[in-house]
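The values are calculated or read from the model by the stated rules, or taken from the named source; none is laboratory data. None of the values given here were measured: they were computed from a predicted structure. Using ideal geometry, Cβ is built from the backbone for each residue, glycine included, and neighbour counts are taken over all protein chains shown. Remember, those area values only see protein heavy atoms, side chains included, never the ligands or the DNA or RNA. Shrake-Rupley method; radii C 1.70, N 1.55, O 1.52, S 1.80 Å.
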Amino acid sequence: MIGRLNHVAIAVPDLDAAAEQYRSALGAKVGEPQDEPDHGVTVVFIELPNTKIELLYPLGDSSPISGFLEKNPAGGIHHICYEVDDIIAARDRLLESGARVLGDGEPKIGAHGKPVLFLHPKDFNGCLTELEEV
Ligand code: CO
């Protein structure tokens with residue numbers, strides 16, 4: 001059912017420093033910071049040959065990233081995102097397997113303009129897991 005790894009999202013305590021590290025030390029193609037007010041994050045997209053990295057930094061007072069950075073002050077992997085062809089079919093299959101979908105269970109439009117869902121990390125070996133319909 002799952003397809004390609006769409007991205008790995010890393011919460012970072014200093015967005016400029018992290019972007020510069022990927023640009024200079026790792027030689028990656030690094031985009032400009034983009035504010036995503038609906039998601040409470042500022043994101044820097046990094047294009048790799050086979051996937052993307054998203055550097056996440058809190059935006060606003062109620063950012064979902066703030067608590068994560070309090071627990072992980074040096075930053076850390078926040079979630080991974082897999083591609084699926086049909087997000088409703090994927091959700092229903094996962095619910096049937098006993099997995100929990102976060103929020104109201106309905107797909108939302110994610111940072112790439114495509115429908116996304118998040119799955120409870122406790123149901124996926126401690127890893128917050130995003131599905132994106134492509
Ligand atoms: Co994501």
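Tabulated data
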| item | result |
| --- | --- |
| Looking only at region 97-119, and only at residues there that are under 15 Å from H79 (Cβ atoms) and open to solvent by less than 40 Å² (accessible area, probe 1.4 Å), the one that is farthest from the ligand (Cβ to nearest atom) | A99 |
| Any hit, region 124-132, residues being farther than 18 Å from G3 by Cα and not β-branched (V, I, T) | yes |
| Residues being surrounded by fewer than 19 Cβ atoms within 10 Å (Cβ to Cβ) and within 14 Å of the ligand (Cβ to nearest atom) - total across region 69-80 | 2 |
| Candidates E54, E83, E36 - the one that is at pLDDT below 95 and surrounded by 13 or more Cβ atoms within 10 Å (Cβ to Cβ) | E36 |
| Residue within region 35-42 that is touching a strand residue (DSSP E or B) at 6+ places or on another chain (Cβ under 7 Å) and of a type in the set (D, E, K, R) present | yes |
| Given (1) away from the ligand (no atom under 14 Å from the Cβ); (2) aliphatic (A, V, I, L, M); (3) open to solvent by 30 Å² or more (accessible area, probe 1.4 Å), index of the condition L94 fails | (3) |
| Residue in region 10-31 that is outside any loop (DSSP other than H, G, I, E, B), aromatic (F, W, Y) and touching a Ser or Thr at 6+ places or on another chain (Cβ under 7 Å) present | no |
| Selection count where residues are over 23 Å from L26 (Cα atoms), touching a strand residue (DSSP E or B) at 6+ places or on another chain (Cβ under 8 Å) and not small (G, A, S), scope region 70-99 | 9 |
| Qualifying positions in region 53-80 - closer than 10 Å to V41 by Cβ and among the aliphatic types (A, V, I, L, M) | L55, L56, L59, I65 |
